[in-house]
Amino acid sequence: MTTASAQKQRRWILPPQGAFGIRALMERLVGSVHRRGIWGLIVPLVMMVLGGVLRFTHLSHPQLLIFDETYYVKDAYTMMHSGYELEWGDDPNQAFVAGHPEPEDSASFVVHPPLGKWLIAGGMWLFGTENGLGWRFSAALFGTLAVLLCALVAQKMFSSVLLGGVAGLLAAVDGHQIVMSRTGLLDIFLMFFLLAGFYALLLDRFHGRAKLARALATADGLRPAAHLLAYGPWLWWRPWRLVAGLMLGAAAGVKWSALSFIAVFGLMTVLWDISARRRAGIRHWFIAGILRDGVPAFLLIIPTAAVTYLASWTGWLLSADARYRQWAVDNPSETWGWIPNVFRSLGEYHRAAFTFHEGLGSSHGWESSPWSWLFAGRPVLFFYESRSNGEYGCASENCVQAITDLPNPIMWWAATLSLLLVLFYWIGARDWRAGAILTALAAGFLPWFAYPERTMFFFYTLPFAPFMILSLVYVLGRFLPTDGHVPWHSRRVLWIAGIFLALVVAVSAFFLPIWTGEMITYENWRNHLWIPSWG
């Protein structure tokens with residue numbers, strides 16, 4: 001081979017000049033850095049305030065324990081006083097609402113972890129146990145903060161203050177989130193912690209890639225040492241992964257359905273790192289991603305989540321009379337005797353709760369199949385009272401006060417249709433944002449098909465409701481100009497998007513009375529039942 005041809009081949013094999021400079025690596029791995037400016041703070045905060053107004057206004061109405069508040073609110077009260085759940089006598093709700101709760105002394109068997117009930121108890125500690133503000137305050141607070149989170153997630157994912165504002169607006173006016181934020185149930189806490197965990201992993205994606213770029217960068221932009229390009233550096237310290245572990249562990253401390261999200265989010269963050277090593281030019285990118293990213297990710301996220309989950313059981317662990325607390329003492333074991341009795345007892349509690357969940361199949365008038373969830377085919381009626389003329393301010397012959405867990409139908413159906421385009425962009429364009437949205441939706445939706453005999457409700461969709469919004473915003477972002485420049489052919493799209501958002505807000509205003517239990521005529525209530533299965 002001649003010297004000239006050898007030099008020509010060498011120029012072909014070697015990377016372009018400057019390919020491993022810090023600027024080139026940051027562009028390749030992180031992309032153009034989004035600088036949100038002051039509006040990046042103002043817009044999400046404005047959407048949060050809007051969401052807060054819709055969630056906190058007349059929060060104490062109705063002054064009753066509605067739907068499953070009858071379980072979680074009373075459990076929260078007993079936990080606040082004894083550290084664990086207690087049994088209640090027959091028909092205790094009237095005395096509880098009147099401010100004279102009468103729990104029994106015996107421990108109760110409860111199948112959901114304690115954290116959500118501790119949060120409800122926090123609201124009652126602040127505002128009292130005899131009014132709806134007390135037992136709904138924490139749900140409204142976390143629901144309001146979730147609006148802020150949704151806006152921040154969209155802003156970070158799509159590098160756009162505009163799209164972040166759209167996501168925050170949709171979250172603020174969505175009836176599904178409004179109703180669940182105004183009710184003392186567990187699901188709004190689950191949604192918040194899962195969304196916060198996702199946001200932490202999203203921030204970690206950018207932080208980890210920037211750290212990888214700095215580790216590989218050379219002063220002259222030429223190829224770094226061969227040993228460094230073989231597998232790439234170890235990136236142990238990833239603080240946002242600790243935050244993610246904390247949030248995901250808290251989610252599991254509210255409901256076990258968070259476990260599917262923990263598994264899928266853990267896989268997602270490692271795949272992001274594998275992709276980063278491949279784009280950086282590391283030769284053994286797959287093996288390096290599994291070992292040098294996957295192992296640290298596991299060690300940072302999973303133990304943190306486990307410790308956080310265990311901490312949510314502190315009241316039970318410190319008690320002596322909680323249900324199953326003395327099970328290990330009463331059931332000694334030669335095989336498992338090396339495990340402390342308190343943890344053997346906790347394990348038995350979990351086994352019994354899991355068995356209960358597996359066999360939960362009683363019929364319910366408002367149950368629904370997961371097949372209907374993406375179309376909001378069977379929302380849940382949380383509260384319904386009929387009133388006659390002159391009763392409680394009724395000015396018609398027949399009036400109704402009702403609370404229905406129904407999303408904004410225009411927004412929800414549009415989000416469902418948007419999933420097809422998101423799937424197309426994920427498969428066709430390999431867009432990581434589309435993949436992340438679909439990953440979260442799969443984690444919240446698909447596991448329920450494994451339990452066809454179980455009693456299920458539409459509000460089980462709440463954990464992935466923000467990702468339905470992100471799906472819709474993703475599609476809008478594909479057609480909207482987000483850089484401030486609006487060419488003539490985009491103005492029509494901008495008008496269509498604006499009309500769509502105005503329609504969503506108008507529909508939310510129309511449905512607000514049946515999300516908040518306002519007094520309306522019976523005919524007006526019937527006008528809200530667009531589908532027979534809604535009534």
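A compact table of results
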| read-out | value |
| --- | --- |
| Region 327-368: chymotrypsin sites (Phe, Trp or Tyr not before Pro) falling in loop per DSSP and having at most 11 other Cβ within 10 Å | 338 |
| Length added when fully stretched, residue 215-residue 58, from 0.36 nm per residue minus Cα-Cα | 51.1 nm |
| Overall dimensions of region 227-295 as given by Cα atoms, namely Rg and Dmax in Å | 14.1, 46 |
| Three semi-axes of the equivalent ellipsoid, the chain, Cα gyration tensor, whole Å, largest first | 46, 32, 18 |
| Percent RCO, i.e. relative contact order, over the chain, from Cα pairs under 8 Å lying at least 6 residues apart | 17 |
| Size of region 400-499 as Cα extents on the principal axes (Å, biggest first) | 53, 43, 17 |
| Region 5-149: Cα Rg divided by the 2.2 N^0.38 Å rule of thumb | 1.88 |
| Within region 166-222: Cβ-based charge dipole about Cα centre, in debye rounded to nearest 20 (Lys, Arg +1; Asp, Glu -1) | 160 |
| Where no second cysteine Cβ lies under 4.7 Å, the cysteines concerned in the chain | 150 |
| Efficiency of FRET between residue 429 and residue 497 - r from beta-carbon atoms, R0 25 angstrom, step 0.05 | 0.75 |
| Residue among 349, 308, 376 farthest towards the positive dipole end of region 270-415, charges placed on Cβ | 308 |
| Cβ crowding within 10 Å averaged over residues, with 422-433, 157-168, 522-533 ranked highest first | 157-168, 422-433, 522-533 |
| Cβ-Cβ FRET estimate between residue 225 and residue 98, R0 fixed at 56 Å, reported to 0.05 | 0.15 |
| Contour excess over end-to-end distance, with Cα ends at residue 531 and residue 479 and 0.36 nm allotted per residue | 15.6 nm |
| Inter-label distance for residue 91 and residue 319, nm, one decimal - labels placed 7 Å from Cα along Cα-to-Cβ | 2.7 |
| Ratio Rg/Rh, restricted to region 79-160 and using Cα atoms, in which Rh is the Kirkwood radius | 1.15 |
| Portion, in percent, of the accessible area of region 42-154 that falls on carbon or sulfur, probe 1.4 Å | 63 |
| Descending Cα extents along the principal axes, region 39-84, whole Å | 46, 25, 14 |
| Cα-based Lys proximity count in the chain, under 21 Å, for pairs eight or more positions apart or on separate chains | 4 |
| Solvent-accessible heavy-atom area per residue, rounded to whole Å², over the chain at 1.4 Å | 46 |
| Rough spin-label spacing in nm, given labels placed 7 Å along Cα→Cβ, for residue 375 and residue 111 | 2.9 |
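The values are calculated or read from the model by the stated rules, or taken from the named source; none is laboratory data. Nothing here was measured: the structure is a model prediction, and the numbers come from that model. Ideal geometry is used to build each Cβ from the backbone, glycine not excepted, and the neighbour counts take in all protein chains shown. Heavy atoms of the whole protein, side chains included, go into the accessibility calculation; ligands, DNA and RNA do not. Shrake-Rupley method; radii C 1.70, N 1.55, O 1.52, S 1.80 Å.
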